Amino acid sequence: MKPEQPPRSARVALLGAMFLMATSAIGPGFITQTTQFTAQLGAAFAFAILVSVLVDVAIQLNVWRVIGVSGLRAPELGNRVAPGLGHALALIVAAGGLVFNVGNVAGAGLGLDALLGLPPKWGGALSAAIAVGIFLSRRAGMAMDRVVVALGFVMIAMTGYVAWVSGPPVGAALRNAVLPDQVDFLAITTLVGGTVGGYITYAGAHRLLDAGVSGPDRVAEIARASVIGVLVTGLMRVLLFLAVLGVVAAGVRLDPSNPAASAFEAAAGGAGRRVFGLILWAAAITSVIGASYTSVSFLVGASERFVRRRNLLVVAFVGLSATVFLTAGAAPVPLLVFAGAFNGLILPIGVGVMLWVGLRRNDLLGGYRYPRW
């Protein structure tokens with residue numbers, strides 16, 4: 001007998017959760033880090049990508065499984081483990097998410113500048129308005145799912161095109177994935193923190209809870225979705241790596257002020273810069289959506305008073321991020337570095353809570369026996 005297929009709404013929610021996690025990770029910082037490490041390490045960067053994907057899968061499998069089976073958000077689980085821990089986690093995630101979101105709005109402005117020639121501040125304001133419109137729609141959850149999935153496919157397709165035209169040395173990349181010329185642990189740590197650090201770790205899992213996908217009977221779907229979400233992020237990382245590697249291997253020196261844009265322009269000419277603008281904008285606005293949604297989900301998880309005002313809180317979060325960017329005019333790089341420090345603090349605390357619940361608090365998992373491996 002064939003297993004029963006989940007209803008269409010559940011399948012859409014699973015797909016949306018996968019891409020929400022993936023596109024939250026694929027932001028301006030993701031693009032900048034991948035480009036810089038590729039220029040620095042060349043084909044040897046393939047090993048760092050492979051190791052980081054394996055670590056990311058392990059982390060997300062545990063986080064999604066514990067949250068999905070328990071039906072409780074991360075702050076709720078934290079408070080059950082130690083009173084006040086969930087509130088502290090919510091505060092750190094929301095603060096880090098806000099700082100990161102200012103950088104995401106800035107990245108969206110830079111993307112529209114490269115794509116349409118729009119001044120970055122106008123581009124950032126327009127992108128924030130689009131995000132606000134999504135959360136003000138009558139079916140905000142479904143609208144968010146569809147937008148992140150569509151833009152996720154756009155980013156992958158466009159980056160794949162540039163990877164193809166740049167003609168990277170694929171053989172050298174494959175060899176270095178298992179037998180690297182050099183191993184850079186800083187690169188591996190940075191990739192892990194940028195892919196599953198901070199709010200990103202919980203974006204997809206919290207989305208599943210809001211869509212009603214939870215409980216021990218859904219564990220197979222939840223686990224599969226968590227792995228596919230990481231693989232989507234890994235695919236984007238590999239394509240971007242190959243696109244830049246082809247340019248670097250040809251001897252082109254990247255512009256240090258905007259290495260990713262110069263790599264795309266070197267690979268595909270003037271059209272390449274437009275393509276870069278589209279990819280950067282798509283990466284940034286989906287990260288705005290993911291950061292705002294997930295940060296507010298932590299506040300909702302810490303206090304039931306926020307539940308009925310959830311979408312308005314998300315809109316306010318986007319608006320505050322845009323206001324800080326428009327008034328402060330701060331460069332995105334320092335902001336992203338500062339937010340990265342928050343991510344480094346959140347990851348061990350949050351994952352520690354998940355592992356403790358999985359191994360020691362079976363009462364929170366509805367009797368589900370957590371696989372010790």
Legend entry - the stretch 224-303: relative contact order in percent, alpha carbon pairs under 8 Å with at least 6 residues between: 17 percent
Inset, instruction - State which helices in the chain qualify, where a helix is a whole DSSP H run, it must extend 30 Å or more along its own axis by its Cα atoms, and its mean Kyte-Doolittle hydropathy must be at least 1.0. - result: 45-70, 85-116, 140-166, 219-249, 259-302, 332-360
Inset, instruction - Once you've got the GNM for the chain with C-alpha springs shorter than 10 Å, pick whichever of VAL314, VAL99, VAL51 has the biggest mean-square fluctuation. - result: VAL51
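Filter the trypsin sites (Lys or Arg not before Pro) in the stretch 147-255 to those in DSSP coil with at most 11 other Cβ atoms within 10 Å of their Cβ, and list the result. Walk me through the numbers on the way to the answer.
Numbers: sites: ARG175, ARG207, ARG218, ARG224, ARG237, ARG253; in loops: ARG253.
Answer in residue order: ARG253.
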Legend entry - Relative contact order, percent, the stretch 1-124 [alpha-carbon distance under 8 Å, six or more residues apart]: 13 percent
Inset, instruction - Using only protein heavy atoms and a 1.4 Å probe, report how much of ASP181 is accessible, in Å² to the nearest 10. - result: 110 Å²
Legend entry - Charged-residue dipole, Cβ positions (Lys, Arg, Asp, Glu), the chain about Cα centre, Debye nearest 20: 900 debye
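For the chain, what is the relative contact order in percent, using Cα pairs closer than 8 Å and at least 6 residues apart in sequence? Walk me through the numbers on the way to the answer.
Values: 638 pairs, mean separation 142.7, N = 373.
Relative contact order for the chain comes out at 38 percent.
Given a 1.4 Å probe and heavy atoms of the protein chains only, how would you sort HIS87, HIS206, largest accessible area at the top? Mind showing how you got there, number by number?
Numbers: HIS87 95, HIS206 0 Å².
Output order, biggest surface exposure first: HIS87, HIS206.
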Inset, instruction - Leaving ligands, DNA and RNA out of it, work out the accessible area of PHE153 with a 1.4 Å probe and give it in Å² to the nearest 10. - result: 120 Å²
Legend entry - Dipole of the chain [Lys/Arg +1, Asp/Glu -1 at C-beta], most positive-end residue of ALA44, SER321, VAL148: VAL148
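Keeping every protein chain in place, order TRP356, TRP281, TRP122, TRP64 by accessible area at 1.4 Å, biggest value first, i.e. largest first. Intermediate results must be reported in sequence, preceding the final value.
On the way: TRP356 130, TRP281 40, TRP122 180, TRP64 0 Å².
Per-residue accessible area, sorted high to low, gives TRP122, TRP356, TRP281, TRP64.
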Inset, instruction - Starting from the residue with the highest accessible area, list PHE298, PHE185 in decreasing order, probe 1.4 Å. - result: PHE185, PHE298
Legend entry - Point-charge dipole on Cβ atoms (K/R +1, D/E -1) for the stretch 181-275, about Cα centre, debye to 20: 200 debye
Inset, instruction - Positive end of the charge dipole of the chain (Lys, Arg +1 and Asp, Glu -1 on Cβ, about the Cα centre): tell me which of SER70, MET158, ILE200 has its Cα farthest that way. - result: SER70
Inset, instruction - Return the single residue from ALA205, ALA172, ALA25 with maximal mean-square fluctuation; model: Gaussian network over the chain, springs between Cα atoms under 10 Å. - result: ALA172
Inset, instruction - Under a 10 Å cutoff between Cα atoms, tell me which one of ALA131, ALA74, ALA220 has the largest fluctuation in the Gaussian network model of the chain. - result: ALA220
Inset, instruction - For GLU265, tell me the accessible area in Å² from a 1.4 Å probe, rounded to the nearest 10. - result: 80 Å²
Inset, instruction - Quick one: pull the percent of accessible area on the chain belonging to carbon and sulfur, 1.4 Å probe, ligands and nucleic acids left out. - result: 66 percent
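Once every DSSP H run of n ≥ 4 in the chain is given -39500 (n - 2.57) and the sum is divided by its residues, what mean residue ellipticity at 222 nm do you get, rounded to the nearest 500 deg cm²/dmol?
Calculated from helices alone, the mean residue ellipticity at 222 nm is -27500 deg cm²/dmol.
The values are calculated or read from the model by the stated rules, or taken from the named source; none is laboratory data. This structure is a prediction, so every number in the text was calculated from the model and none was measured. For neighbour counting, all protein chains shown are included, and Cβ atoms are generated from backbone atoms with ideal geometry for every residue, glycine included. We work out accessible area using only protein heavy atoms, side chains counted, and drop any ligands, DNA or RNA first. Shrake-Rupley method; radii C 1.70, N 1.55, O 1.52, S 1.80 Å.
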